[in-house]
Every structure is written in C-alpha cells, then in structure tokens.
Amino acid sequence: MIQRRTRGTGIKTRIGNHTFRATGITAYLKNKGTLEAAQHIANHESPRTTKLYDRRQDEISLDEMERIAI
C-alpha cells in the first residue's frame, strides 16, 4: 500500500514500512532517546535489530564535505 501511494509523488526511492520504522527510531535517538527504550518501542527482541534501523551515521555534516578539496 505504501509503495502504491508513493508512486504518483515522483519519489524514486523505494519506500516501505521499514523506511518509517528507521525514520522513527533515528529521530527518537537523535532527540536523546535511549537504545533500550527504542528497542521496547519497536518491539525488538534484540538491541542489535534496533541498531540496524539507526540512520544517524548516514548523515554527513557540511564541515566534513568542506574538507574535500579539488
């Protein structure tokens, strides 16, 4: 259903329920939430599973990008 709804939006990235799960867990952890609480909220048995949805490391700061010299 999610993919069907996003088809007409022009978004090229595949979006599914795991996309929203990762976004929610990442936002929670960015706002100083604990991994243990995120695990409980997501109903994961293992914290390793919850860590798979943590996308905080995917963001690159502008300072890091400015280090690239051409």
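Overview of results
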{"item": "Set Thr23, Thr9, Thr50: member being surrounded by 10 or more Cβ atoms within 10 Å (Cβ to Cβ) and at pLDDT below 95", "result": "Thr23"}
{"item": "Positions within region 48-67 being free of Cβ contacts under 8 Å to residues at least 12 places away in the same chain and either part of a loop (DSSP other than H, G, I, E, B) or more than 10 Å from the chain's Cα centre (by Cα) (or both), in sequence order", "result": "Arg48, Thr49, Glu59, Ile60, Ser61, Leu62, Asp63, Glu64, Met65, Glu66, Arg67"}
{"item": "Close pairs (7 angstrom Cβ cut-off, 6 or more residues apart or separate chains): farther than 16 Å from Ile41 by Cα in region 11-22, not in a loop (DSSP other than H, G, I, E, B) and not aromatic (Phe, Trp, Tyr) anywhere", "result": "Arg14/Gln3; Ile15/Ile2; Ile15/Gln3; Ile15/Thr6; Gly16/Ile2; Gly16/Gln3"}
{"item": "Residue list for region 26-47, filter: over 14 Å from the mean Cα position of the chain (by Cα), surrounded by 10 or more Cβ atoms within 10 Å (Cβ to Cβ) and charged (D, E, K, R)", "result": "Glu36"}
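The values are calculated or read from the model by the stated rules, or taken from the named source; none is laboratory data. These numbers were taken from a predicted model, which means no experiment stands behind them. As a convention, Cβ positions derive from the backbone with ideal geometry for all residues, glycine included, and neighbour counts pool all protein chains shown.
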